[in-house]
Amino acid sequence: MPRTGRPPKEINQTEFEKLCAMQCTQNEVCSWFDVTEKTLNAWCRRTYKMTFSHVFAQKREKGKISLRRTQFQLADSSAAMAIFLGKQYLGQTDDAGKVNVNIGKEDDSSMNAIRIVLPDNGTGPTDQEK
């Protein structure tokens, strides 16, 4: 018996994968192709044998790679980006050259303790102050 329902909506697979790489939400992808979530999920099942969320989880990784590549390229000309990447990947912090001063008992770990961070002027304590 011939199918009597509406013909399936055409979804361009290449465009779909690009939208996933750009981290588009399911609603945004549906809006782009003018389909419902149900239609998109049915298409994903036919095309990839998975639901949208599983396909999205795989395809968005290309977007992360592309973003990371752009960030590393920007680090060549942007000190702010170089600092950001250093913090993210190299464990670098802004705390270098600062001295921590704790007010309260040495063993006091209560919430009442006050922590003050002062910039280090480079002189450090003298031998007499140690």
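The values are calculated or read from the model by the stated rules, or taken from the named source; none is laboratory data. Owing to the predicted nature of the structure, the values given are computational and were not obtained by experimental measurement. Because the Cβ atoms are built from the backbone with ideal geometry, glycine has one as well, and the counts that use them run over all protein chains shown.
Here are some notes:
- Residues that are modelled with pLDDT under 90, in a loop (DSSP other than H, G, I, E, B) and surrounded by fewer than 12 Cβ atoms within 10 Å (Cβ to Cβ) within the range 77-107 comprise G91, T93, D94, D95, A96, G97, K105, E106, D107, listed in sequence order.
- When K38, K49 are checked against the criterion of being at positive phi and loosely packed, with under 13 Cβ neighbours inside 10 Å, a single residue qualifies: K49.
- Pairing each residue of the range 46-71 that is over 15 Å from T25 (Cβ atoms) with any residue that is among the hydroxyl-bearing types (S, T, Y), provided the two are 6+ apart or on different chains, yields C-beta distances under 9 Å for H54/Y48; Q58/Y48.
- Within the range 1-33, if we keep just the residues that are among the acidic types (D, E) and at pLDDT 95 or above, the residue that is surrounded by the most Cβ atoms within 10 Å (Cβ to Cβ) turns out to be E17.
- Counting the residues of the range 11-53 that are outside any helix (DSSP H, G or I) and of a type in the set (A, V, I, L, M) gives 4.
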